[in-house]
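Working notes, structure below.
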Amino acid sequence: MILRVAAGVLRRADGAVLIAQRPLGKIAAGSWEFPGGKIESGEAARQALERELAEELGIGIGRARPLIRIQHTYPDRTVELDTWLVEAWTGQPQGLEDQALAWVQPASIWDYDLLPADAPIVDALRLPDTLPVTGAFADVAELEHGIERLRRAGHRLIRLRAGRLSDAKYQRCVRKLAPALSAAGGGLLIDRCAELLSLDGVAGFALGAAGLNAAERAPSSGAQRWLLASCHNAKEMDRAVQLGAQALVLGPVLPTPSHPGQAGLGWTQFAQLTQRVNCPVYAIGGLDESHREQAYRHGAQGLAGIRAYW
């Protein structure tokens, strides 16, 4: 049996999100979750969310968008969570069903006994909704200038994809650029020289399609780091999940010069593929800021790209 649930993540301007404690008498009483409830037959997810948050918290929803859709299987049922990010509402949230409430920064949310099904939602909250990917730079100064420009524009996670640089130059770039991004609350995703993973400002490792198929295990370090993987099809997505990737980049969605002769997945197939995995998925390929809302509607974490940011 599949139980469809609409969940709302209320996020304040300071980044804190609202979680609720399940009261006595409910399954998993005492655990924490994002508020929401069952989607009734014939009801749209947004409608269910508005109804549930009015009943549970006494608020009306203003600005909201799809965040992530995930499935979690329990012994007696499968729950499909249709999760929305809510950034504007009317009224003051109150525990109208005797549930305790807490405003928590995503980085500290596991200090609470959060339901395991909500783990991918926390990843979606911690990741940005844009992922610039560097081009194949050979000029180190040009690369450094571009990354600094992106940092000043507010981008906090950047994939360093500079295949024309030697390993020595690549390492020098990482050592020079990562600290500034770290100071701004972000970091670099590297795709080689895994020994750099322990450096401050290195946010994680990005596996390309070739590395994904060749890897026997995921690059790792003693510190918590992201593992992202770039995928083109269902087989690669399954492989990425097997290796423990917490987020994927999927495409090309639309035709792009980097994949000549390919029509692209299209938004329908992109949405179908995102439903295979319980993790955030960035859309890439022929996209720019004009596609952002469309990407959200089709299950994307946000946009990744090269030309759109360089």
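Between Lys176 and Gln94, what is 0.36 nm times their sequence separation minus the Cα-Cα distance? Round to one decimal in nm.
Working: separation 82, 0.36 × 82 = 29.52 nm, distance 4.72 nm.
Length gained, Lys176 through Gln94: 24.8 nm.
Between the range 195-218 and the range 222-291, how far is it from one alpha carbon centroid to the other, in angstrom?
Going from one Cα centre to the other spans 16 Å.
Within the set of other residues whose C-beta is less than 12 Å from the C-beta of Ile27, count the net charge using Lys and Arg as +1 and Asp and Glu as -1. Please report the intermediate quantities before stating the final value.
Numbers: positive: Arg22, Lys26, Arg77; negative: Glu33, Asp76.
Once all neighbours under 12 Å are counted, the net charge is +1.
Setting aside same-chain residues fewer than 8 positions from Lys235, which lysines have a Cα under 27 Å from its Cα?
none
Which far-off residues, 5 or more places away or on another chain, put their amide H under 5 Å from the one on Phe137, with H placed in the peptide plane?
Close amide H contacts, sequence-distant or interchain: Gly163, Arg164.
Within 10 Å, count the other beta carbons around each residue, average over each peptide in 80-88, 180-188, 40-48, and list them highest first. Don't jump to the answer; show the numbers that get you there.
Values: 80-88: 19.9, 180-188: 17.4, 40-48: 13.2.
Ranked by mean Cβ neighbours within 10 Å, highest first: 80-88, 180-188, 40-48.
Between Asp139 and Gln242, take the C-beta separation as r, use R0 = 35 Å, and let me know the FRET efficiency to the nearest 0.05. Show your work: numbers first, answer last.
Numbers: r = 37 Å, r/R0 = 1.07.
That gives a FRET efficiency of 0.40.
Report the gain in length on full extension from Ala16 to Ala107: 0.36 nm times residue separation, minus Cα-Cα distance, nm rounded to one decimal.
Extra length from Ala16 to Ala107 when fully extended: 31.8 nm.
Counting only other residues whose beta carbon sits under 13 Å from that of Ala45, what net charge do I get with K and R as +1, D and E as -1? Intermediate results must be reported in sequence, preceding the final value.
On the way: positive: Arg4, Lys38, Arg46, Arg51, Arg65, Arg69, Arg297; negative: Glu40, Glu43, Glu50, Glu52, Glu80, Asp82.
Counting the neighbours of Ala45, the net charge comes to +1.
Using Cα pairs under 8 angstrom and six or more residues apart, how large is the relative contact order of the chain, in percent?
Working: 626 pairs, mean separation 46.3, N = 310.
RCO, the chain: 15 percent.
Each residue of the range 236-242 in order: what ³J(HN,Hα) in whole Hz does its phi give by Karplus 6.51 cos²θ - 1.76 cosθ + 1.60, θ = phi - 60°, with x for Gly and Pro?
Along the range 236-242, the couplings run 5, 4, 4, 5, 4, 5, 4 Hz.
Could the peptides 210-217, 5-12 be put in order, highest first, of the mean number of other beta-carbon atoms found within 10 Å of their residues?
Values: 210-217: 11.9, 5-12: 22.1.
Highest mean packing first, the order is 5-12, 210-217.
What Kirkwood radius, in Å to one decimal, follows from the Cα pairs of the range 115-179? Intermediate values should be presented prior to the final figure.
On the way: mean 1/r = 0.0752 Å⁻¹.
After inverting the pairwise mean of 1/r, the radius is 13.3 Å.
In the range 1-104, how does Rg compare with the Kirkwood Rh, expressed as the Rg/Rh ratio over alpha carbon atoms?
Numbers: Rg = 13.2 Å, Rh = 13.9 Å.
So for the range 1-104, dividing Rg by the Kirkwood Rh gives 0.94.
With a/c under 1.5 counting as rounded, go ahead and sort the range 59-147 into rounded, prolate or oblate using the C-alpha gyration tensor (a ≥ b ≥ c being the square roots of the eigenvalues; past the cut-off, prolate if a/b is larger than b/c, else oblate).
prolate
Using the Karplus equation 6.51 cos²θ - 1.76 cosθ + 1.60 (θ = phi - 60°), what ³J(HN,Hα) coupling, rounded to whole Hz, does each residue of the range 61-72 give in order, writing x for Gly and Pro?
My calculation for the range 61-72 gives 8, x, 7, 8, 8, x, 10, 7, 10, 9, 10, 9 Hz in order.
State, as an integer percentage, the relative contact order of the range 67-169 based on alpha-carbon contacts under 8 Å between residues 6 or more apart.
Values: 74 pairs, mean separation 22.8, N = 103.
Dividing the mean separation by the residue count of the range 67-169 yields 22 percent.
On the first, second and third principal axes, largest extent first, how far apart are the outermost C-alpha atoms of the range 193-310 in Å?
Here the spans come out as 39, 30, 27 Å, largest first.
Straight-line reach from Lys169: which lysines have a Cα under 29 Å away, not including same-chain ones fewer than 8 places off?
The reachable lysines, counting only those whose Cα sits under 29 Å from Lys169, number zero.
What are the residues whose amide H is under 5 Å from the amide H of Glu97, where those residues sit 5 or more places off or on another chain and H is modelled from the backbone?
Answer set, sorted by chain and number: none.
Find the Cα radius of gyration of the chain, compare it with 2.2 N^0.38 Å by division, and give the number to two decimals.
Working: Rg = 20.1 Å, N = 310, 2.2 N^0.38 = 19.5 Å.
Against the compact-globule rule of thumb, the ratio is 1.04.
Would you mind checking the range 96-140 for residues with the amide N under 14 Å from a putative spin-label position 7 Å along Cα→C-beta of Ser290?
It comes to no residues whatsoever.
With angles folded into 0 to 90 degrees, how steeply does helix 140-152 sit against the dominant principal axis of the chain? Use alpha carbons for both and round to 10.
Helix 140-152 sits at roughly 20 degrees to that axis.
So who's got an amide H within less than 5 Å of the one on Arg4, skipping anything under 5 residues away but keeping other chains? H placed 1.01 Å off N, in plane.
Hits under the 5 Å cutoff: Ile39, Glu80.
Residue by residue through the range 128-135, what is 3J(HN,Hα) from phi via Karplus (6.51 cos²θ - 1.76 cosθ + 1.60, θ = phi - 60°)? Round to whole Hz and write x for glycine and proline.
x, 9, 10, 9, x, 10, 6, x
Among 201-207, 59-65, how do they line up by average Cβ neighbours within 10 Å per residue, starting with the highest? Write out the running numbers ahead of the final one.
Working: 201-207: 24.1, 59-65: 14.9.
Output ranking for 201-207, 59-65: 201-207, 59-65.
Relative contact order for the range 150-251 using alpha-carbon pairs under 8 Å, separation at least 6, rounded to a whole percent?
On the way: 156 pairs, mean separation 20.8, N = 102.
About 20 percent, as a whole number.
With a 1.4 Å probe and all protein chains left in place, how much of the accessible area of the chain comes from carbon and sulfur atoms, in whole percent?
On the way: 7050 of 14430 Å².
Reported share for carbon and sulfur atoms: 49 percent.
Over the chain, with the other protein chains present, what is the accessible area per residue in square angstrom, probe 1.4 angstrom?
Working: 14430 Å² over 310 residues.
Counting only protein heavy atoms, the per-residue value for the chain is 47 Å².
Write down the percent of antiparallel bridges among all DSSP beta bridges whose residues are both part of the chain, to the nearest 5. If you can, show how the numbers build up before the last one.
Working: 21 of 54 bridges.
For the chain, the DSSP antiparallel bridge percentage is about 40.
The values are calculated or read from the model by the stated rules, or taken from the named source; none is laboratory data. Predicted, not measured: the structure shown is a model, and the values here were computed from it. Note that each Cβ is placed from the backbone with ideal geometry, even for glycine, and that neighbours are counted across all protein chains shown. In case anyone asks, the SASA skips ligands and DNA or RNA and just uses the protein heavy atoms, side chains included. Shrake-Rupley method; radii C 1.70, N 1.55, O 1.52, S 1.80 Å.
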